[in-house]
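Below: one structure, written as structure tokens.
The values are calculated or read from the model by the stated rules, or taken from the named source; none is laboratory data. Because the structure is predicted, anything quoted here is derived from the model rather than measured. Note that each Cβ is placed from the backbone with ideal geometry, even for glycine, and that neighbours are counted across all protein chains shown.
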Amino acid sequence: MNSTLIQMTLLMACGAGWRLLTPAGLAAEQTRMVLTTVVYYLLLPAMVLEVLWTADIGLQSFEYTLLGVGSIAFALVCTGLLGLFFRFEPKRMGAMMLAAAFPNVTYLGLPVLEQTFGSWSRSVVIQLDLFAASPILFTVGILLARHYGDEGEEKPRSIWSSLNAPPFWAAAVAIILNQNHIVAPDWLSGVLQKLSVTVVPLMLFSLGLALNWRAITLRNVPYVIPVILIKMAVMPLSALFLAGYLTIDDSHKAAAVLDLAMPSMVLGIVFCDRYRLDSALYAMTVTVTTALSLIALPFWHGVVAHYQW
């Protein structure tokens with residue numbers, strides 16, 4: 001795990017270095033937008049298609065859904081109760097709920113799990129993302145952002161329109177092919193594999209581009225601390241508890257729990273900007289939780305490696 005995190009950190013450091021140096025005059029946000037667009041519309045769908053086409057899809061897919069949705073829901077409830085008790089300002093409350101409940105299951109979870117457990121864990125990551133985290137994010141997450149923020153549009157877009165996206169279409173096609181036992185031709189498998197291997201380094205580089213140490217301010221510390229506790233302690237504990245009721249084997253349970261222990265997702269900053277939540281608070285939370293994950297992830301890896309379900 002330590003060797004894996006060193007590799008991940010160095011790749012993220014390349015992105016952070018780009019933010020500071022801006023080679024060829026390309027700003028970090030501009031570069032990240034191009035890279036994440038390529039990943040989202042081409043490379044990630046190729047990986048989803050490659051992995052789910054041959055994955056074991058069935059009862060365990062439903063169990064991943066239960067585990068992911070249950071853990072996210074528990075984190076949302078904890079953050080919501082905390083907000084009611086301390087009467088946080090709505091724009092801060094919305095940012096805190098997104099940061100505390102939605103982990104970076106793909107952009108960081110994919111490279112960490114693949115390096116730690118092996119290539120088979122890609123299926124765990126993708127199923128947790130597409131069958132649990134992303135559907136909840138694009139439905140419940142958007143509803144929360146609208147509730148605590150301000151969309152600023154006369155005709156708000158349907159939350160279901162967010163599910164009309166390339167990774168979901170790729171997943172639908174892959175499941176159809178999988179369930180009909182259609183074998184991919186060698187030339188197509190080769191193309192999908194070559195596209196897939198580029199996802200991890202580009203995701204980590206983009207994550208480094210997104211980290212902004214200037215976003216760290218003292219005034220946000222009281223709001224970031226409870227998010228850190230919920231995101232990096234309470235949520236993994238709830239996932240560990242829920243995993244004990246699943247029928248999947250222990251190695252898949254360990255991979256799933258570790259994926260749900262990832263730091264706050266980067267995508268949340270887009271929701272904060274769009275719905276006018278506290279973007280600075282969210283950016284600080286992403287940066288701090290990602291940095292702390294270098295300590296938290298080895299800890300949780302040790303826990304799941306020796307845990308008796």
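Test LEU294 against the criterion of being modelled with pLDDT of 90 or more, over 14 Å from the mean Cα position of the chain (by Cα), more than 15 Å from GLY109 (Cα to Cα) and not β-branched (Val, Ile, Thr), and give yes or no. When the stated conditions are applied, LEU294 does not pass them. Residues that are touching a strand residue (DSSP E or B) at 6+ places or on another chain (Cβ under 9 Å), in a loop (DSSP other than H, G, I, E, B) and either surrounded by fewer than 14 Cβ atoms within 10 Å (Cβ to Cβ) or among the hydrophobic types (A, V, I, L, M, F, W, C) (or both) do not occur anywhere in the range 13-30. If you filter the range 47-68 down to residues that are surrounded by 18 or more Cβ atoms within 10 Å (Cβ to Cβ), under 22 Å from MET262 (Cβ atoms) and hydrophobic (A, V, I, L, M, F, W, C), you find that the one that is modelled with the lowest pLDDT is ALA55.
Under the condition of being of a type in the set (Gly, Ala, Ser) and surrounded by fewer than 22 Cβ atoms within 10 Å (Cβ to Cβ), which residue from the range 249-283 is farthest from ALA100 (Cα to Cα)?
SER251
Going through (1) modelled with pLDDT under 90; (2) within 23 Å of LEU67 (Cβ to Cβ) one by one, ILE228 falls short only on (1).
For the range 76-95, filtered to residues that are among the hydrophobic types (A, V, I, L, M, F, W, C) and either touching a Pro at 6+ places or on another chain (Cβ under 7 Å) or under 15 Å from ALA233 (Cβ atoms) (or both), the residue that is surrounded by the fewest Cβ atoms within 10 Å (Cβ to Cβ) is LEU82.
Of the numbered criteria (1) buried (at least 18 other Cβ atoms within 10 Å of the Cβ); (2) part of a helix (DSSP H, G or I), the one ALA73 fails is (1).
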